Amino acid sequence: MSIDLKIIIMIIIGYLLGSIPSGVWIGKYFFNKDIRNYGSGNMGTTNTFRVLGKKAGITVLLLDMLKGSLTALLPFFFGVHVNALLIGLSAILGHAFPIFAGFKGGKAVATSVGVLLVYNPLFFVIAWVFFLTTLYLTSMVSVASMVGFTLLSIVSFFFQDRLLTTVAVVLTIFVFIRHWSNIERIKNGTENMVPFGLGYKKRHN
């Protein structure tokens, strides 16, 4: 099998893995709910937490990350010397536009982080530090996602990896676009909050 054919197969597999709508399937099979009909209507981790609870939310988070990590590992499995980050993008694309869910997917934050875990573990840790710190300060997942990706784009310059920086900037723009409705709610002071952190305490004092 030629290298070009292997790359095409990896991209297809990655897209299909990314297209698995974890939150939708878990909601339907274990809770008899389509989470797209509840909460924000999103099929991702945050809405799963909100609609189905902590256990389901954590499960979806891990599964969505796993989709990205497995896809980034495909070059290793196929024995092809191709950049794992480039192949990982197919899973991110699949999560955002899943063939198994009418091409209406999530915001691809967890899947992107899953790709980072394989491509650059240190960058993965930095991503979580940025996300969790911002989440604690604001109590808003949307803000933590947008601020986290923005900071990652800045930090990526210090890694002297042009591909990483390019992908980080593109994903940051994509995350902001996906969170456009959240930005409006943030401006209006009506954005949903997680029940912990300084932002939550301030709103409920």
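Only one of these is out of contact with any helix residue (DSSP H, G or I) (no Cβ under 6 Å at 6 or more places or on another chain) and crowded, with 19+ Cβ neighbours inside 10 Å: Arg185, Arg178, Arg162, Arg203. Name it. Don't jump to the end; show me each part of the working.
Working: Arg185 fails: crowded, with 19+ Cβ neighbours inside 10 Å; Arg162 fails: crowded, with 19+ Cβ neighbours inside 10 Å; Arg203 fails: crowded, with 19+ Cβ neighbours inside 10 Å.
The match here is Arg178.
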Q. Residue check: is Phe30 part of a helix (DSSP H, G or I), over 29 Å from Ile183 (Cβ atoms) and aromatic (Phe, Trp, Tyr)?
A. yes
Q: Output the qualifying pairs, or none if there are none: Cβ atoms under 7 angstrom, residues six or more apart or on different chains, first residue in the range 126-137 and among the small types (Gly, Ala, Ser), second residue in a helix (DSSP H, G or I).
A: Ala127/Val113; Ala127/Leu116; Ala127/Gly148; Ala127/Leu152
(Q) I want to confirm something. Restricting to the range 33-70 and keeping residues that are hydrophobic (A, V, I, L, M, F, W, C) and either assigned to a loop (DSSP other than H, G, I, E, B) or free of Cβ contacts under 8 Å to residues at least 12 places away in the same chain (or both), which single residue is surrounded by the fewest Cβ atoms within 10 Å (Cβ to Cβ)? (A) Ile58
Q | Residue match in the range 80-99 (condition: touching a His at 6+ places or on another chain (Cβ under 9 Å) and either within 18 Å of Val175 (Cβ to Cβ) or not hydrophobic (A, V, I, L, M, F, W, C) (or both)) | A | no
Q. For the range 71-104, what are the residues that are of a type in the set (Phe, Trp, Tyr) and either in a helix (DSSP H, G or I) or loosely packed, with under 14 Cβ neighbours inside 10 Å (or both)?
A. Phe76, Phe77, Phe78, Phe100, Phe103
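Here is a yes/no grid of residues against (1) under 14 Å from the mean Cα position of the chain (by Cα); (2) among the β-branched types (Val, Ile, Thr):
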| position | (1), (2) |
| --- | --- |
| Val143 | yes, yes |
| Phe157 | no, no |
| Ile173 | yes, yes |
| Thr190 | no, yes |
Q | Phe100 vs. criteria closer than 17 Å to Ile7 by Cα and among the aromatic types (Phe, Trp, Tyr) | A | no
(Q) Quick test for you: out of Ala144, Ala110, Ala101, pick the one residue that is at negative phi and in contact with a Pro (Cβ under 7 Å, 6 or more places away or on another chain). (A) Ala101
Q. Out of the range 105-142, which residues are β-branched (Val, Ile, Thr) and either under 26 Å from Val24 (Cβ atoms) or surrounded by 18 or more Cβ atoms within 10 Å (Cβ to Cβ) (or both)?
A. Val109, Thr111, Val113, Val115, Val118, Ile126, Thr134, Thr138, Val141
Q: Report whether or not Ser145 is free of Cβ contacts under 8 Å to residues at least 40 places away in the same chain, closer than 19 Å to Lys107 by Cβ and crowded, with 16+ Cβ neighbours inside 10 Å.
A: yes
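Bear in mind these aren't lab numbers, they're just calculated from the coordinates by the rules spelled out. Because the structure is a prediction, the values reported are computed rather than measured. For neighbour counting, all protein chains shown are included, and Cβ atoms are generated from backbone atoms with ideal geometry for every residue, glycine included.
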